[in-house]
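Encoded as structure tokens, the structure appears first; notes follow it.
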Amino acid sequence: MVYDWNGLRVPDSLKYFEAKWGRRGEPHCFSGVWRFHEFLPFAPLEQCVTIGEGQTLLQCGEGAAEYTGVTPGRLYLQYEGMNPSGSFKDNGMSAAFTHARFVGATRAACASTGNTSASLALYCSVTRLMKAVIFIGSGKISYGKLSQALDFGALTVQIQGDFDDAMARVKEVCPRLKLYLVNSVNPFRLEGQKTIMFRVLEGLGWEVPDWIVVPGGNLGNSSAFGKAFHELQQLGLIDRIPRLAIINATGASTLYDLVERQGLRWNRGSPRMGVASQYYGQMDAEGRRADTIASAIEINRPVNLTKCIRALQWCDGVVREVTDQQIMDAKAQVGAGGFGCEPASAASVAGTKLLVEEGVIDPDQRVVCILTGHQLKDPTATVAYHTTDQEQFNKILGARGVRRAAFANRAVAVPNNLDEIIKAIRLYS
Ligand code: F0G
């Protein structure tokens, strides 16, 4: 989506947005998305849908800094789990929903690994503007997310297959049944997700960090972040663009394989996407499917691949992959620091640790990791990490190559006996 900024009223300084804090009684100033309406002016403000999304914070993550090797005070966590549906998706959903209403849609659909569906279901149930139809792969979605979709009353279609199968089907069904598609192929979603970066800048007093580190799944966030910084630079509102690090799970490493192994680049607007087609062909021929404990990013064919390649160019970006072991260890460290996140989110912290070890990120640089989703989205993964039940550990984590839980906080089993309980507390505290 390209705006003709000349015909629009654009602030001449980012400080302009600070005045909106004083007007938090107005829903569009309260919203962490529509507070920045000037940068996503595709619909008149009074028509923009909000349920109070984007009240998220940038905070210093001291525990995560220590874990990753970043200098104390230089690592920040942007905690998007604080959104109404518990993930960053609400940023994009408020924008896609606005457009859906604009075009008179009465039903909206998505394929999802769980968070997009939870967000869509929530917007539908709160606003009652539309009915939600969600497509999910069977057994591929964590219970926290599934329970949200069910509770919020979405029509939930469980497809035998994975996210990519669900995505392919929803694309076929939408035109047939005139459903409005809210997956991040929808450019309005990305407009909303740009605001995550505006809030990061806001949290840093409008200073640009050195690195943004984000998990990569369908690559909507990374594409949106690149666009946000590119536009701000074009408008002369920032003088440099942070570097972008996109972190795949090893079990779902399409972007990493294409960019870092096969050298796919933006190539002045003509990326050789044939490389990707070949890669997918081979993937299908070998029957290779994404598999990671970070189910949110368990994706074979990221829908925003091309836009992401452009974002990597704009942001001098890098891509890395991290194992489920690295993800779960990083997640435990994030949790120990008081930020509950789901496995996919912790990929950003695991990726930061890797990039510091590689010397790509300098420990003194200012690094922002995006925590994309709330811890309670996937309690199964968290409990499996901390459990004393070997069978449960093996079934959920061991099967994915996680060998140990170095940062586990194990529950202490005691008989229902006062003396034994007191003894145990004395022993372990
Ligand atoms: N983190 C979480 C918690 C997610 O739910 C997702 C994507 C990502 C990261 C990846 O973000 O797609 O912008 O690269 N979840 C989608 C869903 C696919 O259906 O909820 P991305």
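Points to keep in mind about this one:
- Residues satisfying the stated conditions in region 270-283, i.e. open to solvent by less than 40 Å² (accessible area, probe 1.4 Å) and closer than 17 Å to K307 by Cα: P271, V275, A276
- Scanning region 86-116 for residues that are in contact (Cβ under 8 Å) with a residue 24 or more places away in the chain, part of a loop (DSSP other than H, G, I, E, B) and more than 10 Å from the ligand (Cβ to nearest atom) turns up V103, A105, T106.
- Every condition in (1) part of a helix (DSSP H, G or I); (2) over 26 Å from G32 (Cβ atoms); (3) open to solvent by 10 Å² or more (accessible area, probe 1.4 Å) is met by H230 except one, and the failing one is (2).
- Taken over region 233-268, the residue count meeting the criterion of being of a type in the set (A, V, I, L, M, F, W, C), within 15 Å of the ligand (Cβ to nearest atom) and not in a helix (DSSP H, G or I) is 6.
- Taking first residues from region 291-320 that are free of Cβ contacts under 8 Å to residues at least 40 places away in the same chain and partners that are near the ligand (Cβ under 9 Å from one of its atoms), no Cβ contact under 8 Å between residues at least 6 apart in sequence or on separate chains turns up.
- Count of residues meeting criterion [under 16 Å from A64 (Cβ atoms) and in contact with a strand residue (DSSP E or B) (Cβ under 8 Å, 6 or more places away or on another chain)] in region 351-366: 7
- None of V213, V173, V157 is away from the ligand (no atom under 11 Å from the Cβ), of a type outside the set (S, T, N, Q), surrounded by fewer than 22 Cβ atoms within 10 Å (Cβ to Cβ) and in a strand (DSSP E or B) except V157.
- Residue tally, condition out of contact with any strand residue (DSSP E or B) (no Cβ under 8 Å at 6 or more places or on another chain) and either closer than 19 Å to N218 by Cβ or in a helix (DSSP H, G or I) (or both), over region 126-143: 5
- Restricting L146, L150, L181, L122 to those that are more than 15 Å from the ligand (Cβ to nearest atom), modelled with pLDDT of 95 or more, under 24 Å from I51 (Cβ atoms) and of a type in the set (A, V, I, L, M, F, W, C) reduces the list to L150.
- Within region 34-61, the residues that satisfy the criterion of being touching a Leu at 6+ places or on another chain (Cβ under 8 Å) and not in a helix (DSSP H, G or I) are P41, V49, I51, L58, Q59, C60, G61.
- Only one entry of E62, E80 meets the criterion of being closer than 19 Å to K353 by Cα and either in contact with a Lys or Arg (Cβ under 6 Å, 6 or more places away or on another chain) or not polar (S, T, N, Q) (or both), and that entry is E62.
The values are calculated or read from the model by the stated rules, or taken from the named source; none is laboratory data. Every value quoted in this text rests on a predicted model; they were computed, and no experiment measured them. Counting neighbours? That spans all protein chains shown, and the Cβs are built from the backbone with ideal geometry, glycine included. Note: areas computed on protein heavy atoms with side chains; ligands, DNA, RNA excluded. Shrake-Rupley method; radii C 1.70, N 1.55, O 1.52, S 1.80 Å.
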